[in-house]
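All remarks here apply to the structure that follows.
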Amino acid sequence: MSAGAPFWRRRLLPAFLALLGVNVVAFVAWTGPRYWMQKNAARRAEAARAEVESQRQAALALRERAAAIRENATDVERFQRSLAGAEKADLLPALRAIDDLARAPGLRPGARAFQREEVQDARVERVAVTLPLEGSYEQLVGFLREIETSPRFLTVDRVSMRAEIEGGARLQVELSTYLRPGDAPEEARRGR
């Protein structure tokens, strides 16, 4: 600066500009990190909100699953009490009932076979009966209808039908009934 410049220009303006520069640097040094910390905190807060919502949805799904498991356990208990018969009292009558239905007028039953198996985690035993039948289509459909309306708890697991040349049909049906095992020890039931 020239010697003829006023005092404020010569001395005060450079000091003012230097002080202004120091203030700008101090402002940036002070507020910059805080700005970035706030921005990062806002991002973390948003991520935490999303995580809380995700955990809330997971907890809701687990509550629904627990309710379904409780309902299933109740249904299994009700099934065992009311639908599954006792092994000693109901096995032979169930087999006789199936044989009686298979001997309906016009049907010719073949040799039946049955297989027993424990139902995992249910304390019941499934008795599967495989039964070949011959008769007209209407008679075979009538047999299946009688099974469906039977007072006994019988399920139709598999059906295969083949038409015969004389207008009849051959039906291979697998039925199941469920029984509560008797008081026999576990090893004896498994050894059957």
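The values are calculated or read from the model by the stated rules, or taken from the named source; none is laboratory data. Bear in mind the structure is a predicted one, so any value in this text is a computation, not a measurement. Please note: Cβ atoms are built from the backbone with ideal geometry, for glycine as well, and neighbour counts cover all protein chains shown.
Points worth noting:
- Restricting the range 57-107 to residues that are β-branched (Val, Ile, Thr) and at pLDDT 80 or above, the residue that is farthest from Ala122 (Cα to Cα): Ile98
- Filter pass, Glu117 being farther than 15 Å from Arg180 by Cβ and at pLDDT 85 or above: no
- Looking across Ala122, Ala102, one residue alone is surrounded by 10 or more Cβ atoms within 10 Å (Cβ to Cβ), small (Gly, Ala, Ser), in contact with a helix residue (DSSP H, G or I) (Cβ under 8 Å, 6 or more places away or on another chain) and closer than 19 Å to Glu146 by Cα. It is Ala102.
- Yes/no for Phe27 being among the hydrophobic types (A, V, I, L, M, F, W, C) and surrounded by 10 or more Cβ atoms within 10 Å (Cβ to Cβ): yes
- A residue that is touching a residue at least 24 places away in the same chain (Cβ under 8 Å) and assigned to a helix (DSSP H, G or I) occurs nowhere in the range 49-68.
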